[in-house]
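Step one of this worksheet: look at the structure below.
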Amino acid sequence: MEPVLTRNIGPERCPTNLAAYQANHGYRGLRKALTEMSADDCQAVVKNSNLRGRGGAGFPTGMKWSFVPRGDACTPGHKYLVCNADEMEPGTFKDRLLMECDPHQLIEGMILAAYTIGADIAYIFIRGEYLVAIQRLRDAIAECYASGYLGERILGSDFNLQMHVHPSAGRYICGEETALINALEGKRANPRAKPPFPQVSGLWGRPTIVNNVETLCNIPHIIDRGADWFKTLGVGEDSGTKLFGVSGKVNNPGCWELPMGTPIREIIDQHAGGMRAGFQLKGFLPGGGSTDFLVPEHLDLAMDYNVIGAAGSRMGTGTMIILDDRTCPVGMVLNLIRFFAQESCGFCTPCRDGLPWSRQVLEDIENGAGRSEDLETLAYQVKYIGAIGNTHCALAPGAMEPLQSAMKYFYDDFVRHVDGGHCPYHNGTGAR
């Protein structure tokens, strides 16, 4: 497969400057859009491409853009485009690769997205720890202003766009777009009640689109080469390519651009090099820390949104976390619940109080103080904290996904902790 998003990225290739990016058809999509296409034309192409959001939810990008009111007569004043580059999902590192190694690709995608929705101000909301990416994006934006790709009358058109990099304080809750918007406004990062949705009333009450880094990086290629071309890249129901990652006890952990619909077995065995010697696959989280475990029987499933959803999990960010047979599943879930409990915004009771409760029960079980009734308590928490509609946003239900699936597939391990009064995986030796 010919790389698309990573076409410029390799061991000796990292086109962080404008000249290097333009040498490989950089900004050709933008020139095409501004000279040959209206904003409506661009929106139609993106919608027809079936590009789905790469941040985790998989919502159709063109449809999301279509909810923004069109024309200054309907909504006079600013419209905003925000790139979510916070990347706080456990096990996820794909957006960092794109920003550090090819920052102009993201910027071109943002300019095209802003042109399409009629935005005149754009922000890159990026986690503060991404120091290299922050500097490279700022340098690339400065080059764009100097070269006429940003600012007033871009490339001689009537389109104007200001773009800013906004390093965040770093909170997982900012993956929820309205919490991100509140943080960008300088408020506490609590999710907002919806409706109204950000496409109508978002940043400072104005129409706003929030898209993920990888999503926006697809836009220049779709505009340049067309919707039909993009559809041919996938090997299943979904269009395009995807950055898939694997972390854990594999021989070659990393991140690779592959067709949407690539089988899980191929990703783990071929690209990640299979399990390390002495380790066997016990399970895996297919799309980051807030997705349900799948097990070896699912290895031949295609990595696309509907297939993984039908199997009882979510593709999420497409970055797998491997559970091997020498790692305690209770301890692994405890580690995740600790993270989610810390990252709760504290707005609603099930998340603010329920996640620390889950953490305490899991700590008791892992440390040998568990009781049989603790398993009933965990089942209760999964049922009520994990139900969409019982919480203000999806953070707590997402946190329950690895717990509920661990209890489904690895329940015997929970029982062994309780009955034996200790973790049978202590020091990673496992129980044979």
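In region 251-294, which residues are hydroxyl-bearing (Ser, Thr, Tyr) and either touching a strand residue (DSSP E or B) at 6+ places or on another chain (Cβ under 6 Å) or assigned by TED's automatic domain parsing to the domain that holds residue 227 (or both)? Full working, then the answer.
Filtering region 251-294 down to residues hydroxyl-bearing (Ser, Thr, Tyr) leaves 262, 290-291.
Across region 251-294, the qualifying residue is only 291.
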Flag for residue 350 being within 25 Å of the chain's Cα centre (by Cα), in contact (Cβ under 8 Å) with a residue 40 or more places away in the chain, under 18 Å from residue 176 (Cα atoms) and part of a helix (DSSP H, G or I): yes
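Against the condition under 23 Å from residue 98 (Cβ atoms), touching a strand residue (DSSP E or B) at 6+ places or on another chain (Cβ under 6 Å) and at pLDDT below 95, how does residue 248 come out, does it pass? Break it down stepwise before answering.
Values: under 23 Å from residue 98 (Cβ atoms): yes; touching a strand residue (DSSP E or B) at 6+ places or on another chain (Cβ under 6 Å): yes; at pLDDT below 95: no.
When the stated conditions are applied, residue 248 does not pass them.
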Conditions (1) out of contact with any Phe, Trp or Tyr (no Cβ under 8 Å at 6 or more places or on another chain); (2) over 18 Å from residue 29 (Cα atoms); (3) of a type in the set (Phe, Trp, Tyr): number failed by residue 172: (1)
Given (1) in a loop (DSSP other than H, G, I, E, B); (2) surrounded by fewer than 16 Cβ atoms within 10 Å (Cβ to Cβ); (3) among the hydrophobic types (A, V, I, L, M, F, W, C), number of the condition residue 229 does not satisfy: (1)
Test set (1) over 27 Å from the mean Cα position of the chain (by Cα); (2) in contact (Cβ under 8 Å) with a residue 24 or more places away in the chain - residue 3 fails condition number: (1)
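Just need a number here: residues in region 305-347 that are among the charged types (D, E, K, R) and part of a strand (DSSP E or B).
The total comes to 1.
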Checking residue 325 against (1) touching a residue at least 24 places away in the same chain (Cβ under 8 Å); (2) buried (at least 18 other Cβ atoms within 10 Å of the Cβ), the condition it does not meet: (2)
Cross-chain or 6+ apart pairs with Cβ under 8 Å, region 282-304 first and touching a residue at least 12 places away in the same chain (Cβ under 8 Å), then assigned to a strand (DSSP E or B) and acidic (Asp, Glu): 282/324
Hits in region 28-62 (condition: at pLDDT 95 or above and at positive phi): 50
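I'd like to verify a number: residues in region 172-225 that are β-branched (Val, Ile, Thr) and either more than 26 Å from residue 97 (Cα to Cα) or not in a helix (DSSP H, G or I) (or both), how many? Reasoning before the result, please.
Pass one, region 172-225, residues β-branched (Val, Ile, Thr): 173, 178, 181, 200, 208-210, 213, 215, 219, 222-223.
Cutting the leftovers down to either more than 26 Å from residue 97 (Cα to Cα) or not in a helix (DSSP H, G or I) (or both) gives us 200, 208-210.
Count: 4.
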Selection from region 262-295 of residues that are out of contact with any helix residue (DSSP H, G or I) (no Cβ under 8 Å at 6 or more places or on another chain) and either at pLDDT below 95 or small (Gly, Ala, Ser) (or both): 272, 273, 277, 278, 288
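Could you please give the count of residues in region 296-308 that are surrounded by fewer than 16 Cβ atoms within 10 Å (Cβ to Cβ) and either at pLDDT below 95 or touching a strand residue (DSSP E or B) at 6+ places or on another chain (Cβ under 7 Å) (or both)?
Residues of region 296-308 that are surrounded by fewer than 16 Cβ atoms within 10 Å (Cβ to Cβ), as a first pass: 296-297, 300, 306.
Applying the additional criterion that residues be either at pLDDT below 95 or touching a strand residue (DSSP E or B) at 6+ places or on another chain (Cβ under 7 Å) (or both) yields 296, 300, 306.
The number of residues fulfilling the criteria is 3.
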Residue match in region 240-257 (condition: surrounded by 17 or more Cβ atoms within 10 Å (Cβ to Cβ), assigned to a loop (DSSP other than H, G, I, E, B) and within 17 Å of the chain's Cα centre (by Cα)): yes
Residue under evaluation residue 131, criteria (1) free of Cβ contacts under 8 Å to residues at least 60 places away in the same chain; (2) touching a strand residue (DSSP E or B) at 6+ places or on another chain (Cβ under 6 Å), criterion not met: (2)
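Here are some residues: 318, 421, 368. Which one is on the phi > 0 side of the Ramachandran plot and in the same structural domain as residue 254 (by TED's automatic domain parsing)? I'd like the intermediate steps shown before the answer.
Numbers: 421 fails: in the same structural domain as residue 254 (by TED's automatic domain parsing); 368 fails: in the same structural domain as residue 254 (by TED's automatic domain parsing).
Sole residue among the options that is on the phi > 0 side of the Ramachandran plot and in the same structural domain as residue 254 (by TED's automatic domain parsing): 318.
Filtering region 363-388 down to residues that are within 27 Å of the chain's Cα centre (by Cα) and assigned to a helix (DSSP H, G or I), which residue is nearest to residue 401 (Cα to Cα)? Write out each step before concluding.
Here is the first cut: in region 363-388, the ones within 27 Å of the chain's Cα centre (by Cα) are 381-388.
Then keep just the ones that are assigned to a helix (DSSP H, G or I); that gives 381-385.
Numbers: 381: 11, 382: 8, 383: 11, 384: 12, 385: 10 Å.
Result: 382.
Every residue in region 116-146 that is under 30 Å from residue 71 (Cβ atoms) and not hydroxyl-bearing (Ser, Thr, Tyr), please.
Going residue by residue through region 116-146, those that are under 30 Å from residue 71 (Cβ atoms) are 116-125, 141, 144-145.
Across region 116-146, the qualifying residues are 117, 118, 119, 120, 121, 122, 124, 125, 141, 144.
The values are calculated or read from the model by the stated rules, or taken from the named source; none is laboratory data. Worth saying up front: this structure is predicted, and the values here are computed from it rather than measured. As a convention, Cβ positions derive from the backbone with ideal geometry for all residues, glycine included, and neighbour counts pool all protein chains shown.
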